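Have a look at the structure below, then the notes.
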Amino acid sequence: FAESGAGTATAANTDALVTAAGMSAADQLKKDNAASQTWTLPTTATTATVKFWIQTSSDTATPAAAITVTPTWSGTFGTASVTPVTSTTGTVYTTDALGNISVTVTNDAPVAGASLALVLTGGAAFGAATQTTTLTWATPAAASISLSDPLSGVYVKTGSTNVTTITVKDQFGGNVAN
């Protein structure tokens, strides 16, 4: 039972998952029970889907809840290049039988440092609380280096010519060329 005026769901128990091409595997995992979540997307990602699980304080789904999603983009972006566009009123979504809503985000020309905050509100569902999910774009850059070939424990003749393969990956787990 929710307290009178407190709503049927708890903003801090909202789970969220962002999927977009090029994201690191670790960043494509569902994040549980937080009133604030942040994800980093590569500047090669022009489309992302944000799925929310609206739940009670005991992590039970809240079906048929009216949730307003208010987007705010950082910086100046052309309204023809991004959806949803910055809004002060937001869009109302109704959760499905599993307490889920999904928001599709497009950014046709992502730049490093650009971000989008999606603020979820819903007086009947959350009371006065909010949940904020932030997507930030970053330029892929070399972040790790590893020896791929030869593997450790291989010995070569002194003075011989040998080939070594090194793998460089960016912060998203993608290979970096050259």
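The values are calculated or read from the model by the stated rules, or taken from the named source; none is laboratory data. This is a predicted model, so every value here is computed, not measured. Reconstructed Cβ throughout: ideal geometry from the backbone, glycine too, with neighbour counts over all protein chains shown. Protein only, heavy atoms only, side chains kept; ligands, DNA and RNA dropped before computing areas. Shrake-Rupley method; radii C 1.70, N 1.55, O 1.52, S 1.80 Å.
Residues in region 106-132 that are within 12 Å of the chain's Cα centre (by Cα) and touching a residue at least 60 places away in the same chain (Cβ under 8 Å): Leu118, Thr132. The set of residues from region 28-46 being crowded, with 18+ Cβ neighbours inside 10 Å and not hydroxyl-bearing (Ser, Thr, Tyr) comprises Gln37, Trp39, Leu41, Pro42, Ala45. Can you find, within region 97-122, the residue that is nearest to Ala64 (Cα to Cα) among those that are open to solvent by less than 40 Å² (accessible area, probe 1.4 Å) and outside any strand (DSSP E or B)? Here the residue is Gly99.
For Val92, the conditions (1) in contact with a Phe, Trp or Tyr (Cβ under 9 Å, 6 or more places away or on another chain); (2) modelled with pLDDT of 95 or more all hold with the exception of (1).
The requirement of being β-branched (Val, Ile, Thr) and either within 22 Å of Gly174 (Cα to Cα) or in contact with a helix residue (DSSP H, G or I) (Cβ under 6 Å, 6 or more places away or on another chain) (or both) is fulfilled nowhere in region 83-90; no residue meets it. Filter region 123-176 down to the residues that are in a strand (DSSP E or B) and closer than 30 Å to Thr62 by Cα and list them by number. Selection gives Gln131, Thr132, Thr133, Thr134, Leu135, Thr136. Among the residues of region 151-178, write down those that are within 22 Å of Ala26 (Cβ to Cβ), open to solvent by 60 Å² or more (accessible area, probe 1.4 Å) and among the polar types (S, T, N, Q). Answer for region 151-178, where residues must be within 22 Å of Ala26 (Cβ to Cβ), open to solvent by 60 Å² or more (accessible area, probe 1.4 Å) and among the polar types (S, T, N, Q): Gln171, Asn175. Restricting region 131-150 to residues that are at pLDDT 90 or above and of a type in the set (Ser, Thr, Tyr), the residue that is most open to solvent (accessible area, probe 1.4 Å) is Thr139.
When Asp59 is tested against (1) surrounded by fewer than 14 Cβ atoms within 10 Å (Cβ to Cβ); (2) charged (D, E, K, R); (3) in a strand (DSSP E or B), just one condition goes unmet, and that condition is (3).
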